[in-house]
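Right, one structure below, let's go through it.
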Amino acid sequence: MIDPIQCFLNKRLNIKLATSCTLSLLLIVTPAVLAGYAPGDQKPVPPERRSDGGTTRGCSGGDLPLTVIASVNYVGRTISRHPTFAWFVPNDSASKPIKFTIYEWVPGAKPKEVRQMSLQSSPGIMKLSPFSNSELGLQQEKQYLWQVVINCDLDNPSGDLVSEANIEVVAMPAAVQSKLNKAVNSVEKANIYAEAGLWYNALDEALKLAQASKLGEMGSTLLKELANSEAPKTTSQLSPKERDARAKQIETLKQIADSTR
């Protein structure tokens with residue numbers, strides 16, 4: 001005859017085990033779940049603003065180049081006046097000086113410098129929030145260029161590594177705010193921002209889940225989706241050189257996503 005007390009304890013144990021397994025599975029699966037980065041109607045970077053920067057390999061000739069973790073073909077969007085910027089540094093042996101600069105695009109005039117900072121390079125993913133909360137930061141409806149320069153040789157500026165991207169601050173969409181009011185963690189927030197095409201906000205939340213110098217699981221997934229969105233809808237308007245550069249850029253982003261997961 002089965003002891004009623006023992007039977008009750010066994011049932012309690014099975015329930016606890018099942019609950020524990022379910023929670024463990026959720027913890028494993030949740031960070032990798034992504035609604036999908038949807039760039040939407042983001043503006044293409046005008047031809048006169050495009051740059052070939054970022055194609056040079058590391059100071060020691062590494063396999064991957066200095067690369068901003070953002071679109072270089074479209075103007076990335078954020079709802080934050082104080083955005084976080086991220087870039088990939090080649091795995092060179094020695095730390096090198098970095099110059100980080102933000103310029104405002106001024107119609108009919110030269111770009112206006114709004115922030116410059118000096119840093120030291122470290123391999124992998126670097127991130128920076130260049131504005132404090134007490135500062136005005138970037139302004140809505142204006143477009144900016146942000147640029148990262150690594151100086152490999154102080155006596156040879158022509159050998160600098162350069163990578164840059166365009167960004168604009170947009171108003172918070174009401175639908176996004178409504179969803180954010182219900183979000184409880186960075187995973188959910190990153191999903192909401194990604195689905196709304198707010199690249200810089202999505203990446204910022206994803207990086208909060210990652211180890212230092214890494215993208216993490218969610219950041220890696222985001223970057224691969226960004227890479228796919230960089231593919232031109234039509235290649236007929238691109239020169240062979242531009243098509244080749246676009247293909248190399250997409251492949252580089254995917255390799256960085258895998259190497260810094």
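What to note about this one:
- Any hit, segment 211-223, residues being among the β-branched types (Val, Ile, Thr) and without any contact (Cβ under 8 Å) to a residue 24 or more places away in the chain: no
- Flag if LYS112 is within 17 Å of the chain's Cα centre (by Cα) and open to solvent by 70 Å² or more (accessible area, probe 1.4 Å): no
- Subset of segment 78-92 [out of contact with any Cys (no Cβ under 9 Å at 6 or more places or on another chain) and over 27 Å from ALA38 (Cβ atoms)]: VAL89, ASN91
- Qualifying residue in segment 202-212 (condition: at pLDDT 95 or above, over 17 Å from ILE79 (Cβ atoms) and surrounded by fewer than 13 Cβ atoms within 10 Å (Cβ to Cβ)): yes
- The residues of segment 237-261 that are farther than 16 Å from ASN73 by Cβ, open to solvent by 60 Å² or more (accessible area, probe 1.4 Å) and not in a helix (DSSP H, G or I) amount to a single one, ARG261.
- Enumeration of residues in segment 156-182 that are more than 20 Å from ASP41 (Cα to Cα) and open to solvent by less than 20 Å² (accessible area, probe 1.4 Å): LEU161, SER163
- Flag for ASP92 being over 28 Å from TYR193 (Cα atoms), open to solvent by 40 Å² or more (accessible area, probe 1.4 Å) and either polar (S, T, N, Q) or part of a loop (DSSP other than H, G, I, E, B) (or both): no
- Near pairs, Cβ below 7 angstrom, 6+ apart or cross-chain, from segment 116-137 (exposed (fewer than 13 other Cβ atoms within 10 Å of the Cβ)) to any residue that is outside any loop (DSSP other than H, G, I, E, B) and charged (D, E, K, R): GLN116/LYS99; SER118/LYS99
- Test: TYR103 is within 14 Å of the chain's Cα centre (by Cα), open to solvent by 20 Å² or more (accessible area, probe 1.4 Å) and touching a residue at least 40 places away in the same chain (Cβ under 8 Å): no
- Yes/no for ASN191 being among the polar types (S, T, N, Q) and assigned to a helix (DSSP H, G or I): yes
- Number of the condition not met by ALA109 [criteria: (1) touching a Leu at 6+ places or on another chain (Cβ under 9 Å); (2) modelled with pLDDT under 95]: (1)
The values are calculated or read from the model by the stated rules, or taken from the named source; none is laboratory data. Owing to the predicted nature of the structure, the values given are computational and were not obtained by experimental measurement. Positions of Cβ are generated from backbone atoms using ideal geometry, with glycine treated the same way; all protein chains shown enter the neighbour counts. These accessible areas exclude ligands, DNA and RNA; they are computed on the full protein's heavy atoms, side chains included. Shrake-Rupley method; radii C 1.70, N 1.55, O 1.52, S 1.80 Å.
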